[in-house]
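The block underneath contains the structure these notes are about, expressed in structure tokens.
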């Protein structure tokens with residue numbers, strides 16, 4: 001859009017087990033390191049350049065019990081994607097409420113994320129909301 005100068009460049013996740021988190025999120029998202037990993041962090045990027053980066057940084061603090069931010073991963077095949085993520089090292093999070101279209105998981109460091117059922121969508125598809133006519 002004309003005049004837009006800001007966007008999300010990276011989502012930052014602090015973690016206590018950097019090697020496990022690096023391996024998990026790289027495999028989960030099919031991202032690649034933007035630069036060679038450092039001992040205290042790595043920035044993973046979408047190799048096609050479409051999504052924001054995911055920056056992982058080592059910390060001694062454990063995840064907060066009341067999280068305020070989490071990732072939503074979209075999938076056109078919910079159940080196989082959840083099973084793939086579990087094989088990669090995710091664990092099940094709180095149960096899905098009745099009628100929910102998502103599954104909550106935890107990454108290897110205990111951070112919560114959701115896998116959202118987007119059956120029939122393709123990778124990168126966006127739904128455009130109609131804009132009201134100018135007044």
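The values are calculated or read from the model by the stated rules, or taken from the named source; none is laboratory data. Since this is a predicted model, take the numbers as computed values, not measurements. For neighbour counting, all protein chains shown are included, and Cβ atoms are generated from backbone atoms with ideal geometry for every residue, glycine included.
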Exercise for the section: Take residue 20 and decide whether it is touching a helix residue (DSSP H, G or I) at 6+ places or on another chain (Cβ under 6 Å), assigned to a helix (DSSP H, G or I), closer than 18 Å to residue 89 by Cα and not assigned by TED's automatic domain parsing to the domain that holds residue 84. Expected result: no
Problem - Selection status of residue 23, at pLDDT 95 or above and in contact with a strand residue (DSSP E or B) (Cβ under 7 Å, 6 or more places away or on another chain) - result: no
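Would you say residue 60 is under 22 Å from residue 43 (Cβ atoms), over 13 Å from the mean Cα position of the chain (by Cα) and touching a residue at least 12 places away in the same chain (Cβ under 8 Å)?
yes
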Handout entry: Selected residue [at positive phi and loosely packed, with under 14 Cβ neighbours inside 10 Å] from 99, 89
Key = 99
Handout entry: Where residue 79 falls short, out of the listed (1) under 13 Å from the mean Cα position of the chain (by Cα); (2) outside the structural domain of residue 15 (by TED's automatic domain parsing); (3) surrounded by fewer than 17 Cβ atoms within 10 Å (Cβ to Cβ)
Key = (1)
Practice task
Would you be able to say whether some residue in the stretch 29-42 is under 19 Å from residue 104 (Cα atoms) and either outside any strand (DSSP E or B) or outside the structural domain of residue 105 (by TED's automatic domain parsing) (or both)?
Solution key: yes
Practice task
Find the residue count for the stretch 95-121, including only residues that are part of a loop (DSSP other than H, G, I, E, B) and in contact (Cβ under 8 Å) with a residue 12 or more places away in the chain.
Solution key: 10
Problem - Members of the stretch 14-50 found to be in contact (Cβ under 8 Å) with a residue 60 or more places away in the chain, surrounded by 14 or more Cβ atoms within 10 Å (Cβ to Cβ) and within 16 Å of the chain's Cα centre (by Cα), listed by number - result: 15, 20, 21, 23, 24, 25, 27, 28
Handout entry: Count - residues of the stretch 54-94 that are more than 19 Å from residue 10 (Cβ to Cβ), in a strand (DSSP E or B) and in contact with a helix residue (DSSP H, G or I) (Cβ under 7 Å, 6 or more places away or on another chain)
Key = 1
